[in-house]
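Asker: Structure below; questions to follow.
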Amino acid sequence: MSGKLDHMPLNTFGMLAMMVGSDAIDIEQQVSQKYLKRTDVLPRVIDRYSSDKRGIEALEAAGVEFDWKDMSDKLFVPVKLPPGWQKVHRDHAMYMWLVDENGRRRGDIFYKSAFYDRDAFMTVLTRFDIRQLYLKGYGYLVMEVRDQDKVLYRTRPRKNPTARERPSSEDFRDLDVLRKAAHAEALQWLQARYPGWEDPVNYWDGESLPEKLAPLFSKSMVTQLQKKLKKLKDSLPDLQDKARKLHYIQDPPEERHFRGLGSSYEDPYNKEGIYYYRPRGSAVPDPEAQRRLEEAVREVEDVEMLLKVGSGV
């Protein structure tokens, strides 16, 4: 379908939304996305937060033709896409991808069709990007260099200080420091191998990429980690035995029930109705042994994580 985006369904659903509320607005959004997918238009606003026109130049270099003179729609411009290019839906009602003939994502399109706040823009994508993610729940922070969905490089895992039950404000400041360090590591790797990667016109054609994620550690480092892991695992049974053993501790003095004068309870030391204390004790696991066992288990998990990530898995 060529020409401008058909607004008749939008106005119809806009009137319906005023009558029945948010459900109709959701339906309007779904229908509008289908019209957008079938119509040969792209948002006029491209790279909203960028001061240059590299995104538009990258699309034009790839073969996208814009009809900027057509002002029939203030949000969309008619285009002619190269053969095989199309818009595909995402898992969010207001977003879709612009993909090329090889299925690679070239643009990220936003369109909000609500009659009271209609808006649209597109971000032109580079071939490579850096993504943050967490491993083992939220326990470790890593950065990945990706070519679309293919991982090219992964930074060493860094412990996330906010993964504890009640993180403090200092923990969040430490996490920010870790993010910056991990991002700098990934950026250094990417710039060294693909200079100019941040320009969306570069590296789309004729680039040979590694088939497998490069190992993060050398063979000697991996061997050292494997030896350390074996030593830690060998120490666990002894630590578990010590943590299971019970020992007697005396509780802090505890006030016993007060027996006043006239009580049937005969106690020669309580004739005047005074308070007195009776020491008590209990058999409990050794807290220091428990702590050493927990530390050893965490260290085993850390080394296993380093081996997994550092070996290019």
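The values are calculated or read from the model by the stated rules, or taken from the named source; none is laboratory data. Keep in mind the model is a prediction, meaning the values are calculated, not measured. In this analysis, Cβ positions are derived from the backbone assuming ideal geometry, glycine residues included, and neighbour counts consider all displayed protein chains.
Asker: Out of all the residues in the range 182-195, which are loosely packed, with under 15 Cβ neighbours inside 10 Å and under 18 Å from the mean Cα position of the chain (by Cα)?
Answerer: Within the range 182-195, His183, Ala184 qualify.
Asker: Let me ask something else. Of all residues in the range 96-113, how many are in a strand (DSSP E or B) and touching a helix residue (DSSP H, G or I) at 6+ places or on another chain (Cβ under 9 Å)?
Answerer: Residues that pass the stated criteria total 7.
A quick yes/no check of all residues on (1) farther than 17 Å from Lys227 by Cβ; (2) modelled with pLDDT of 80 or more; (3) assigned to a helix (DSSP H, G or I):
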{"residue": "Ile274", "(1), (2), (3)": "yes, no, no"}
{"residue": "Ser282", "(1), (2), (3)": "yes, no, no"}
{"residue": "Arg292", "(1), (2), (3)": "yes, yes, yes"}
{"residue": "Glu295", "(1), (2), (3)": "yes, yes, yes"}
{"residue": "Glu299", "(1), (2), (3)": "no, yes, yes"}
{"residue": "Val303", "(1), (2), (3)": "no, no, yes"}
{"residue": "Leu306", "(1), (2), (3)": "no, no, yes"}
{"residue": "Gly312", "(1), (2), (3)": "yes, no, no"}
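Asker: Separate question: Taking the range 145-188 as the search range and keeping residues that are touching an Asp or Glu at 6+ places or on another chain (Cβ under 9 Å) and among the charged types (D, E, K, R), which one is modelled with the lowest pLDDT?
Answerer: In this case the residue turns out to be Arg164.
Asker: Filter the range 157-171 for residues that are touching a residue at least 24 places away in the same chain (Cβ under 8 Å) and either among the β-branched types (Val, Ile, Thr) or crowded, with 17+ Cβ neighbours inside 10 Å (or both) and give the result.
Answerer: Across the range 157-171, the qualifying residues are Pro157, Arg158, Asn160, Thr162.
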